[in-house]
Amino acid sequence: MEYHWLNQNKNKKLIVFFAGWSFDYHPFETIPAKDYDVLIFYDYSDLTIPCEIPKYEETILISWSMGVYTAYLLKDKLPDFTSKIAVNGTPYPIDNDFGIPERTFDLTLKYAESGLQGKFYENVFSDKELLEKYLENPVKRTIQNRVNELQSLNELIRSQNITYNGNFYNKAIIGDNDKIIPTKNQIKMWGNSAKIINSGHFPFYNYTSWDEICK
């Protein structure tokens, strides 16, 4: 696992952000942090937490996509959080009812190298304008590195038989046009308490700041 401080300005509040598969910190650098320090984790080729998470007066977890699963898997190694938010993801990343359908995931894995050259990110963003904004600050990781991460995640997910206890995440945000993890599967997972927003799989450019996501 890799980490990067998106903002470290001695604020009293911290956001710990678990990104999705294939991402790094670059696409998130343009999102203002305001009153929060923001620490991002990414690249789940192994799940060794690469740094100590400092203690703050308030610490909020935001997990996105495959990060929702990863943060839940590591919950016993993470600090206590004031709030825990799942964004377009579930603790069951490969699941016909609550995650990515198995056939869809298998095809993504099989064609990961070619998909990462364009089609995958076209599906991540809900429209061309958002995709173009991403391309101004794209992921800098090599394609092979991202393929290796997905292979590692596939092995991990299929070897772990986890059960969600229902008490970890206290808030879920779901895009109504998610082409990666079907919206209906996320709603089935989180129920009517989830907040449905007008977004594709990547909703972060819809927000003016990290602070707005927390609210």
Number of the condition not met by TYR134 [criteria: (1) surrounded by fewer than 12 Cβ atoms within 10 Å (Cβ to Cβ); (2) in contact (Cβ under 8 Å) with a residue 24 or more places away in the chain; (3) of a type in the set (Ser, Thr, Tyr)]: (1)
Test: LYS119 is of a type in the set (Lys, Arg) and either modelled with pLDDT of 95 or more or closer than 30 Å to ASN7 by Cβ (or both): no
It is to be established whether one or more residues within the stretch 61-76 are out of contact with any Lys or Arg (no Cβ under 9 Å at 6 or more places or on another chain), on the phi > 0 side of the Ramachandran plot, in contact (Cβ under 8 Å) with a residue 40 or more places away in the chain and buried (at least 23 other Cβ atoms within 10 Å of the Cβ). yes
Residues that are over 13 Å from TRP210 (Cβ atoms), in contact with a helix residue (DSSP H, G or I) (Cβ under 8 Å, 6 or more places away or on another chain) and touching a residue at least 60 places away in the same chain (Cβ under 8 Å), drawn from the stretch 23-60: PRO27, ASP43, TYR44, SER45, ASP46, LEU47
Which condition does TYR134 not pass, out of (1) more than 27 Å from TYR36 (Cβ to Cβ); (2) not in a loop (DSSP other than H, G, I, E, B), if it passes all the others? (1)
Mind counting the residues in the stretch 198-215 that are more than 16 Å from the chain's Cα centre (by Cα) and touching a residue at least 12 places away in the same chain (Cβ under 8 Å)? 4
Within the stretch 120-130, the count of residues that are among the β-branched types (Val, Ile, Thr) and assigned to a loop (DSSP other than H, G, I, E, B) comes to 0
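The values are calculated or read from the model by the stated rules, or taken from the named source; none is laboratory data. The structure displayed is predicted, hence computed values, not measured ones. Here Cβ is always computed from backbone atoms with ideal geometry, including for glycine, and neighbour counts include all displayed protein chains.
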